[in-house]
Amino acid sequence: MVPRRLPLLLLTFLAACTASHLQPVDRSGTLQRSPYAAAIAARPSRCPADAFARLKHNAVPGTRHTLVPGTTPTVLVLCGVGPRTVVRGWRVRRLVHQLNGLKQAPNGVEFACPLDMGPTYALYFDYANGDVLLVTVDASGCRFAANGRRSSWTDGHVLGRIRNLLATA
């Protein structure tokens, strides 16, 4: 009888020892006690009244080739309808992937956008090196997503994701 209980006892002991060292994961996709995620400040600290006056030129390299370039930012500050929303982890990566997959709008062409009733969402992507990238997303009219150097046509999937992030924060 003792040999049959030994594996069960050993397994229970092992599970009890390792369970105390696991870090719980919250619904936002980041580790609750992760020093790396907490070290990156969520900037801006308040949503500016005019997003376009706040960051006129994005200094992040690669903005001519993709909406959200380089290594994936780890923090997103989302300004739109309602209060400022901070998003971290896999939700940021998913939105970056969707934005970078949008079809580029032609350069040097002026558009007469019908029924531009807003809102325009301001997405501030915070990088680990301190850079902040502003991407604006228009919810109506021509529905552009732009970083100041590149514009793309946004779609219902991106707008739906942004609205979900605002609603679940």
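The values are calculated or read from the model by the stated rules, or taken from the named source; none is laboratory data. This is a predicted model, so every value here is computed, not measured. Using ideal geometry, Cβ is built from the backbone for each residue, glycine included, and neighbour counts are taken over all protein chains shown.
Points to keep in mind about this one:
- Some residue of the range 103-120 being over 23 Å from residue 168 (Cα atoms) and assigned to a helix (DSSP H, G or I): no
- Within the range 74-81, at least one residue is more than 16 Å from residue 155 (Cα to Cα), in contact with an Asp or Glu (Cβ under 6 Å, 6 or more places away or on another chain) and touching a residue at least 24 places away in the same chain (Cβ under 8 Å).
- Members of the range 95-119 that are within 16 Å of the chain's Cα centre (by Cα) and surrounded by 14 or more Cβ atoms within 10 Å (Cβ to Cβ): 95, 96, 98, 99, 100, 102
- Residue 152 surrounded by fewer than 19 Cβ atoms within 10 Å (Cβ to Cβ) and either part of a strand (DSSP E or B) or out of contact with any His (no Cβ under 9 Å at 6 or more places or on another chain) (or both): no
- Some residue of the range 43-62 being at pLDDT 80 or above, surrounded by 11 or more Cβ atoms within 10 Å (Cβ to Cβ) and not basic (Lys, Arg): yes
- Residue match in the range 143-162 (condition: modelled with pLDDT under 90, among the small types (Gly, Ala, Ser) and more than 21 Å from residue 82 (Cβ to Cβ)): yes
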